[in-house]
Amino acid sequence: MSETLANLLQETREFPPPAALAAEANVTAEAYAEAAADRLAFWDKQARRLDWARDWDQVLDWSNPPFAKWFVGGQLNVAYNCLDRHVKAGLGDRVAIHWEGEPGDTRTITYADLLRMTSQAANALTDLGVTAGDRVAIYLPMIPEAAVAMLACARIGATHSVVFGGFSVDALTNRIQDASAKVVITADGGYRRGKPSALKPTVDDAVAQCPTVEHVLVVRRTGGEVTWTDKDLWWHDTVETAAEQHEAQPFDAEHPLFILYTSGTTARPKGILHTTGGYLTQVSYTTHAVFDLKPETDVFWCTADIGWVTGHSYIVYGPLSNAATQIMYEGTPDTPHKGRFWEIVDRYRATILYTAPTLIRTMMKWGDDIPAGYDLSSLRLLGSVGEPINPEAWIWYRQHVGRGELPVVDTWWQTETGGMMISPLPGVTAAKPGSAMSPLPGISADVVDDQGVPVPNGGGGYLVLSEPWPSMLRTIWGDDQRFIDTYWSRFPGRYFAGDGAKKDADGHVWLLGRVDDVMLVSGHNISTTEVESALVSHPSVAEAAVVGATDPTTGQAIVAFTIPRGHVDTAGEAGEALIAELRNHVAKSLGPIAKPRQIMLVPELPKTRSGKIMRRLLRDVAENRSLGDVTTLQDSSVMELISSGLTSGK
Ligand code: ATP
Ligand code: MG
């Protein structure tokens, strides 16, 4: 990795914070100084943003690495911190969730409503025999009950395991079995791409193989027909009739809050375990700091699904612990039309938008005129997460969504880190498009070479986290050894994130994609991210995925799959000319070594359900192999589309 091309990433643009935002920012440059002076005192202070039933005796116990304990001896209740304390402070009438279903139905839920719903669910789960430490699987569409179910578990100390509503029987079965869940909370179905999509049959098939499951709670969402078993209970019969009062008990800071399985982009899913006090401290603080959230006036919208960590940390726990008003949307961005997101921003006057590069690039492909058709003037801050954001996508986002003036925060973090780790601070950082910039206050990250030695500015290597952080995973559920092997063995004493990164001349961090995706061309390490960014910087390209294919002369050769922007003509000779132009464009931007051997124009790219490109399948195509496992693909017909596009001469 240290041998990355010297001339890669020539991006030099810089965007300082808007003066008005900087003047009023929740967090200033002082936070970096404070945390640098005493990291643990800094986190001690941030933990006090929450309500604790018992104070802690020690901020961090790192006597048995890599098993950390934060806020040792402290006790708190997560749901109390997200709900009760706000209602007690007189904020019961504040809207917690503006919910919008895909068909256009809406619900407005205040903090008082959410507390009542959560208390009822907590009582119902208790009546079903769920006690602290039990595991509950949640398999729901993006409806308010998903947040209620999570908060109800947190309230009674049950550990939730949310499984993305698009996952198959096998994926759900494995996750229920791995955690020995006692209850499953699901729905008859949800709305997806303009029609009801059933969930209950998947649960029926899974539960039939999971003897630990005693009850299945079913929310009625679509009204579709369901097969009923003797474990099933309707949510409206059970939860909505339960007592509305529930006294939240405090739990130990290290009490298990949730298990979340990583998406499996690269390997067998891992049950990432997060606990209570440190997790809530960091997600609550980062929501406040990175989104500069002003709960009295902001309308926050994170477009992730609750089935991903982004939904856990920045739909449920981060915003609610800060008493934010937020938007929650059930469906897809192009149902019933491609302006749906902007219509929602416009309707609810969203002020902060947090979304993924995959969506931004899709919006680029659909065309600039779509966001231009809506009033986006309420927005004041934009965020990105999930993949490296190419500079051109960053610029497009700022230009066409952010009126050319809003700060964009590119936030690097993982399921394992629980909360944001590397990101600009919107009132402080002069952001560079494509860079996640610097570790947040209280976070220690570095880029190291093969030997674990920090690389100098300008160098590239592996991203590591060099000190424990409050919302770090505590282990892999039921497999401490895999936890040690996966994250702590490559560079002893430091957490290995699995991502390649580079420090620029100023020491700012640029993420280069997964270490597994790095290509080796004629002895040079080349990152997929950099070649993709070069392609996307061409005005005719909306999105690109790059892989290394075995090559007899260069070891690996660069093969690029490229989606042209909506208006671009790619028929016949125009397509050939575009391909030639793109190859030269990459060579010109990055140097001849990075010139793709082959560029294919395709209508779509294979993505996981969380929207990340599955380069593994593209490698299969590039090397003329039959396709590997496609079960985690969002849309399995995409691979056919790509292959048929190829044979038709594109
Ligand atoms: P799996 O670990 O099962 O393969 P996953 O890594 O996709 O799945 P997540 O934890 O959701 O699951 O994603 C974290 C990864 O996403 C990071 O390791 C990184 O590769 C990528 N990522 C997230 N945010 C950013 C960002 N702002 N810039 C660059 N990469 C990012
Ligand atoms: Mg990962």
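The values are calculated or read from the model by the stated rules, or taken from the named source; none is laboratory data. Computed from a prediction, not measured in an experiment: that's the story for all the values here. Note that we place each Cβ from the backbone using ideal geometry, even for glycine, and neighbour counts take in every protein chain shown. To get the accessible areas, we keep the full protein, side chains included, count just its heavy atoms, and leave off ligands, DNA and RNA. Shrake-Rupley method; radii C 1.70, N 1.55, O 1.52, S 1.80 Å.
Comparing 21, 77, 62 along the charge dipole axis of the range 10-82, the residue lying farthest to the positive side is 77, per the Cβ-charge model.
Counting only C-alpha contacts under 8 Å and six or more residues apart, can you give the relative contact order of the chain as a whole percent?
Details: 1443 pairs, mean separation 88.8, N = 650.
For the chain, the relative contact order is 14 percent.
Taken over the alpha carbons of the range 250-405 as equal point scatterers, the Debye sum produces base-10 log I(q)/I(0) values at 0.13 Å⁻¹ of -0.65. Computed from backbone phi, the HN-Hα couplings of the range 130-140 come to 7, 10, 3, x, 5, 9, 10, 8, 10, 9, 10 Hz, rounded to whole numbers (Karplus: 6.51 cos²θ - 1.76 cosθ + 1.60, θ = phi - 60°; Gly and Pro given as x).
Residues whose amide H lies under 5 Å from that of residue 501, counting only those 5 or more places away or on a different chain, are 461, 462, 463, 512; hydrogens are built 1.01 Å from N in the peptide plane.
Put a dot 7 Å past the Cα of residue 230, heading toward its Cβ, do the same for residue 641, and the two dots end up 4.7 nm apart. Here each label is just a point 7 Å from Cα along the line to Cβ, and for residue 577 and residue 451 those points are 5.3 nm apart. Each listed q (0.14, 0.19, 0.28, 0.31 Å⁻¹) maps to a log10 I(q)/I(0) for the range 51-110, found by the Debye formula over equal Cα scatterers with no solvent: -0.63, -0.78, -1.07, -1.14. The translational diffusion coefficient of the range 432-550, from Stokes-Einstein at 4 °C and 1.567 mPa s with a Kirkwood hydrodynamic radius over alpha carbon pairs, comes to 82 µm²/s.
Do the alpha carbons of any pairs in 69/182; 69/503; 45/503; 432/503 sit beyond 20 Å of each other, and which pairs? Write out the running numbers ahead of the final one.
Details: 69/182 27 Å; 69/503 31 Å; 45/503 30 Å; 432/503 13 Å.
Checking Cα-Cα distances, 69/182; 69/503; 45/503 exceed 20 Å.
Could you please report the charge total around residue 239, scoring K, R as +1 and D, E as -1 over all other residues with beta-carbon less than 12 angstrom from its beta-carbon? Could the numbers behind the result be given before it?
Numbers: positive: 116, 220; negative: 127, 145, 237, 240, 244.
With Lys, Arg at +1 and Asp, Glu at -1, the net is -3.
Highest mean packing first, where packing is the average number of other Cβ atoms within 10 Å per residue, the peptides 15-22, 412-419 line up as 412-419, 15-22.
From the gyration tensor of the Cα coordinates in the range 470-530, what semi-axes in whole Å does the equivalent ellipsoid have, largest first, with each one equal to sqrt(5λ)?
Details: eigenvalues 146, 48, 20 Å².
Taking √(5λ) for each Cα gyration eigenvalue gives 27, 15, 10 Å.
Taking each residue as 0.36 nm, the span from residue 240 to residue 108 lengthens on full extension beyond its C-alpha to C-alpha distance by 45.8 nm. When the charge dipole of the range 428-504 is built from unit charges on Cβ atoms (+1 for Lys and Arg, -1 for Asp and Glu) and taken about the Cα centre, the candidate among 464, 493, 438 whose Cα reaches farthest toward its positive end is 438.
Just need the Rg to Rh number for the range 379-465, please, alpha carbons only, Kirkwood Rh. Intermediate values should be presented prior to the final figure.
Details: Rg = 14.0 Å, Rh = 13.9 Å.
Looking at the range 379-465, the ratio lands at 1.00.
If you sort 99, 477 by accessible surface, 1.4 Å probe, largest first, the order is 477, 99. In this label model, residue 569 and residue 14 are separated by 4.3 nm, measuring between points 7 Å along each Cα→Cβ vector. Across the accessible surface of the range 204-330, with the other protein chains kept in place and a 1.4 Å probe, carbon and sulfur atoms take up 47 percent.
For the chain, the longest principal axis of the Cα atoms and the long axis of helix 277-290 meet at an angle of about 50 degrees. Two numbers describe the Cα atoms of the range 56-179: Rg and Dmax, which are 17.1, 53 Å.
Counted over the chain with a bin width of 10 Å, the fraction of Cα pairs per bin, in whole percents, is 3, 16, 27, 28, 18, 6, 1, 0.
From the backbone phi of the range 76-91, what are the Karplus-calculated ³J(HN,Hα) couplings (6.51 cos²θ - 1.76 cosθ + 1.60, θ = phi - 60°) in whole Hz, Gly and Pro given as x? Result, ordered by residue: 7, 10, 5, 5, 4, 5, 8, 10, 3, 5, 6, 5, 4, 7, x, 9 Hz.
Over the residues of the range 331-374, compute the C-alpha Rg and express it relative to 2.2 N^0.38 Å. Don't skip to the answer; put the middle values down first.
On the way: Rg = 10.0 Å, N = 44, 2.2 N^0.38 = 9.3 Å.
It is 1.08.
Relative to the longest principal axis of the Cα atoms of the chain, the long axis of helix 169-179 makes an angle of roughly 60 degrees.
Among beta bridges identified by DSSP and lying wholly in the chain, the antiparallel ones come to about 60 percent. Farthest toward the positive end of the dipole of the chain, out of 138, 537, 377, is the Cα of 537, where the dipole comes from beta carbon charges about the Cα centre.
Computed over the range 209-317, the percent of Cα pairs more than 23 Å apart is 56. Of all DSSP beta bridges confined to the range 251-328, the antiparallel ones make up roughly 60%.
Between the helical axis of 638-647 and the dominant principal axis of the chain, each derived from Cα atoms, what acute angle in degrees is found, rounded to the nearest 10? Helix 638-647 and the main axis of the chain meet at about 10 degrees. Each other residue within a Cβ distance under 13 Å of residue 313 adds +1 if Lys or Arg and -1 if Asp or Glu, for a net charge of -2. Element breakdown for the range 5-97 at a 1.4 angstrom probe: carbon and sulfur atoms account for 51% of the accessible area.
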